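The values are calculated or read from the model by the stated rules, or taken from the named source; none is laboratory data. For clarity, every value in this text was computed on a predicted model and none was experimentally measured. Glycine gets a Cβ as well: all are built from the backbone with ideal geometry, and neighbour counts include every protein chain shown. For the accessible areas, the whole protein counts, side chains as well, though only heavy atoms, and no ligand, DNA or RNA atoms are used. Shrake-Rupley method; radii C 1.70, N 1.55, O 1.52, S 1.80 Å.
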Amino acid sequence: MTNSADQSWTHAGHGLPSSEPSLNTTAIATGLQLPAGFAAIAGDPELGPAITTNLARVEKKLREAIANSDPLADATSRHLVEAGGKRIRPLLTLLCAHLGDASRPAVVQAAVVVELTHLATLYHDDVMDSAPFRRGAPTAHEVWGNSVAVLTGDLIFARASILVSELGSRALGIQARTFERLCLGQLHETVGPRPDEDPVEHYLSVIADKTGSLVAASGQLGAIFSGADEAYEPMLVEYGEKVGVAFQLADDVIDVTGVKVKSGKSPGTDLREGVPTLPVLLLRKKAEAGDASAVELLKLIDGDLSSDEALAAAVAGLREHPVTAESWVVARAWADEAIAALAPLPEGVVKTSLSNFALAVVDRAS
């Protein structure tokens, strides 16, 4: 980490810690709700403690990075961090770092950068989507209004930019290109597909930009700052892109299956808000092809879903329609491709955990 002469940002409460925290790694791991696909990490006597300890450091540094002497900025910035989360992206950074020397301090800083970037996008996404809840808590725009929520997202991304600049020009380039894709994904989702563009291909492109890009960057940064073999980077980038798409596809299908998810998002939210997801896009294709059941179900989905009863009926109808099963097939295909991208990696807990995570991502139907 550089000791720049320009330390004006420290007046907002960002001075570096004088010592490492006393860490209860078991409590940290439990609190962060490690995904089931990473069970192999906990069972490894060396990798398990190393990763949970670094996750604890990431959590501490996240709070340092968002702390602010301005009471409003401090409260709004802490809002989502303190709401919790699985920390999947920093976990991937830390895990992929074990392909090299994971003890390097820059690895933890890179993990903090990817999570701060993710958090910044959530503030913006929630405003764009008018989402009332995030991680079981009211969204920032519900508490402080749209303008404050957007500015908080900007502030958090600025903090991520400060940290990534200390990691050097290559990391800064990866961060900049990733954020560009995040913005383009949101833009393309907002305006929808062009008249000559296939809606399903447009949808897949959007989630590759909005989700896959940052997941890919997470693994890549872990490899770079651990000094891992450069040959691993393209494999991890491809894996991250594909597993990110699989993850979002699964989330979208879960929304229309009627399964309550831990984020606090109620089943059918996407249907009620008119958000295009794969099951509905496939349903529209079938309706255009003359499928009578699809035509009837679309009448319900495109109708007034403001009442809980109407929404429940739409969710139930879509859950039972073949397009939902077809959507799971598509999600699993992306997960399989993610796993295939890992084939050249050396055998071991890192490769096994990445593969198991990809499988776990698309095994959330119940």
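Has segment 305-328 got any residue that is exposed (fewer than 15 other Cβ atoms within 10 Å of the Cβ), not in a helix (DSSP H, G or I) and not basic (Lys, Arg)? The answer is yes, given that some residue of segment 305-328 is exposed (fewer than 15 other Cβ atoms within 10 Å of the Cβ), not in a helix (DSSP H, G or I) and not basic (Lys, Arg).
The single residue among Arg57, Arg104, Arg89 that is open to solvent by 10 Å² or more (accessible area, probe 1.4 Å), in contact with a His (Cβ under 7 Å, 6 or more places away or on another chain) and at pLDDT 90 or above turns out to be Arg89.
Kindly indicate whether Val114 is under 30 Å from Pro267 (Cα atoms) and open to solvent by less than 30 Å² (accessible area, probe 1.4 Å). When the stated conditions are applied, Val114 passes them. In summary, Glu180 fulfils each of the numbered conditions (1) in contact with a Leu (Cβ under 6 Å, 6 or more places away or on another chain); (2) open to solvent by 60 Å² or more (accessible area, probe 1.4 Å) with the single exception of condition (1). All of Leu297, Leu282 fail the test of being crowded, with 20+ Cβ neighbours inside 10 Å, touching a residue at least 24 places away in the same chain (Cβ under 8 Å) and closer than 30 Å to Asn356 by Cα, apart from Leu282.
Here are some conditions: (1) over 30 Å from Leu187 (Cβ atoms); (2) in a helix (DSSP H, G or I); (3) open to solvent by less than 20 Å² (accessible area, probe 1.4 Å). Leu345 meets all but one. Which one does it not meet? Of (1) over 30 Å from Leu187 (Cβ atoms); (2) in a helix (DSSP H, G or I); (3) open to solvent by less than 20 Å² (accessible area, probe 1.4 Å), only one is false for Leu345: (2). The helices (runs of 4 or more DSSP H) located wholly in segment 37-119 that include 1 or more residues which are closer than 24 Å to Ile156 by Cα occupy 47-66, 71-81, 88-96. Taking first residues from segment 320-347 that are without any contact (Cβ under 8 Å) to a residue 24 or more places away in the chain and farther than 13 Å from Glu238 by Cβ and partners that are in a loop (DSSP other than H, G, I, E, B) and among the polar types (S, T, N, Q), no Cβ contact under 9 Å between residues at least 6 apart in sequence or on separate chains turns up.
Taken residue by residue, segment 249-263 has at least one member that is on the phi > 0 side of the Ramachandran plot and in contact with a helix residue (DSSP H, G or I) (Cβ under 6 Å, 6 or more places away or on another chain).
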